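Please read the structure below before turning to the comments.
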Amino acid sequence: MLKFHIIESGYFLGDGGVMFGPVPKKYWSAKYKVDEKNMCVMSLRCLFIETDTRRILVDAGLGDKHDSRLKFFQPYNQKSMVEEIRRIGFEPEEVTDVILTHLHFDHCGASTALNENNEVVPTFPNATYRVSLSQWKNYRTPTLFEKGSFFPENIEPVYDAGQLQFVLNDMQLDKNIRLELYDGHTPGQIVVLFETEEEKYAFPGDVVPTSLNIALSWLSAYDNSVAVAMEEKKRFLDKAKKDKRTLIFYHDAYTTMTKL
């Protein structure tokens, strides 16, 4: 048995010129809503997967620890990850796994939280958190280009608590759940592939952040290496198309998922 739930953890405003990188505004603005300041609504869409033995959170939104640092992005309608998981029917202590596609602040904010003593601790005390080893090394020694995307308080308490496990290569997490690694946006981003009885899905994170980014040349200025990002996106999409997977988009505020 495998069931999944979409968690709409909130929204923020991203500059369209950055979000769609090399694509001229006349093209992307015809397909994605933009305001007079060039800002586009972006979602923070996380995933919760139930199996017979696991309760898995995939990505963790912005969280609520550092609102003052994120004023430019104007976050709104932010939801408590703990409360959203309770709505599904589980307590935070029941979460067995947290898969972080990568460690940029908008994907792992709620992986830690402030306790009653104002200390930052893992939000899910019994979970094994997973991130790729190459992403961890990249976070620990970041390039100047990427350094501002990492907030140590989102992951260091997990490491200190001994709850962090590194993904070294593509791996089978469970019978119907596979983790694959892709570079380009950032080294070693995890893509989560999973299957229900009816359909095959993929949660590609920032490999394909919106439905518009399915087009190979539609990349983001946040991509660490644009040339590598395009090659890796093609590698992912070729496999996903062959498997007839439905893609679930992390950042697309208007399209939750689409089948290739």
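Throughout, read-outs are computed from the coordinates displayed, never taken from laboratory work. From a predicted model like this one, the values you see are computed outputs, not experimental measurements. Virtual Cβ from ideal backbone geometry, glycine too; neighbours counted across all protein chains shown.
For region 109-126 and region 194-251, what is the separation of their Cα centres, given in Å?
Value for the Cα centre distance between the two parts: 31 Å.
Whole-Hz Karplus ³J(HN,Hα) for region 171-178, in order, using 6.51 cos²θ - 1.76 cosθ + 1.60 and θ = phi - 60°, x for Gly and Pro?
Karplus values, whole Hz, x for Gly and Pro: 8, 8, 7, 8, 3, 10, 9, 10.
Can you quote the Å³ per residue value for the convex hull of the Cα atoms in region 150-260, rounded to an integer?
Details: hull volume 13.8 nm³, N = 111.
In region 150-260, the Cα convex hull volume per residue is 125 Å³.
What ranking do D183, D174, D243 get, fewest neighbouring Cβ atoms within 10 angstrom at the top?
So the residues, fewest neighbours to most, are D243, D174, D183.
Along each of its three principal axes, how wide is the spread of alpha-carbon positions in region 12-158, in whole angstrom units, largest first?
48, 36, 31
Relative contact order, percent, of the chain when contacts are C-alpha pairs under 8 Å separated by at least 6 residues?
Across the chain, relative contact order equals 18 percent.
Average projected area of the Cα convex hull of region 79-180, in nm²?
7.4
In the Gaussian network model of the chain, springs joining C-alpha atoms below 10 Å, which of F151, F72, F48 carries the largest mean-square fluctuation?
Comparing F151, F72, F48 in the GNM, the peak value goes to F72.
Using the count of nearby Cβ atoms within 10 Å as a rough guide to exposure, how do T186, T196, T128 rank from fewest to most?
Starting with the residue having the fewest Cβ neighbours, the order is T196, T128, T186.
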